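> Can you read through this structure? Questions will come right after.
Computed from the coordinates by the stated procedures, all read-outs in this text should not be read as laboratory data. Values in this document were obtained by computation on a predicted structure and should not be read as measured data. As a convention, Cβ positions derive from the backbone with ideal geometry for all residues, glycine included, and neighbour counts pool all protein chains shown.
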């Protein structure tokens, strides 16, 4: 699952059924500063905290209930691995860049 972000702060969910890969992808001129226009918290240059409630609200998210169930399971597994920040109610994600 990839959250694509533009320099303008627009976001879209791609590969929504790949629950094993969760990342924020900065496209084109987007930078970590671009994420400051969103609800995503930049931890450092390579990591971010994505609010759990943000992902289901993004364009590109499937609408069937099976996806919601799988997403909830992903969040549970992320919690088991220590990838959830309870204070921010967010999932840790890697930040990658694409020219």
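> For a quick check, take a GNM of the chain with Cα springs below 10 Å and name the residue from 63, 38, 14 with the largest mean-square fluctuation.
63
> While we're looking at this one, here's another question. How many percent of the alpha carbon pairs in the chain exceed a separation of 18 Å?
In whole percent, the share of Cα-Cα pairs in the chain beyond 18 Å is 40.
> Would you kindly state how much longer the chain becomes between residue 27 and residue 58 on full extension, computed as 0.36 nm times their sequence separation minus their alpha carbon distance, in nm to one decimal?
9.5 nm
> Quick check on the exposure proxy: order 41, 52 from fewest to most C-beta atoms within 10 angstrom. Let's see the in-between values first.
On the way: 41 16, 52 19.
Ordered from fewest to most neighbouring Cβ atoms within 10 Å, 41, 52 come out as 41, 52.
> Starting from 0.36 nm per residue, how many nanometres of slack lie between residue 12 and residue 72 once their C-alpha separation is accounted for?
That pair, residue 12 and residue 72, stretches by 19.7 nm at full extension.
> Additional query: Could you give the distance between the Cα centres of segment 7-52 and segment 58-85, to the whole Å?
Taking the Cα centre of each part, segment 7-52 and segment 58-85 sit 16 Å apart.
> Enter the angle in degrees (range 0 to 90, nearest 10) between the Cα long axis of helix 65-80 and the first principal axis of the Cα atoms of the chain, meaning the one along which they spread out most.
Taking the Cα atoms of the chain, the angle to 65-80 is about 80 degrees.
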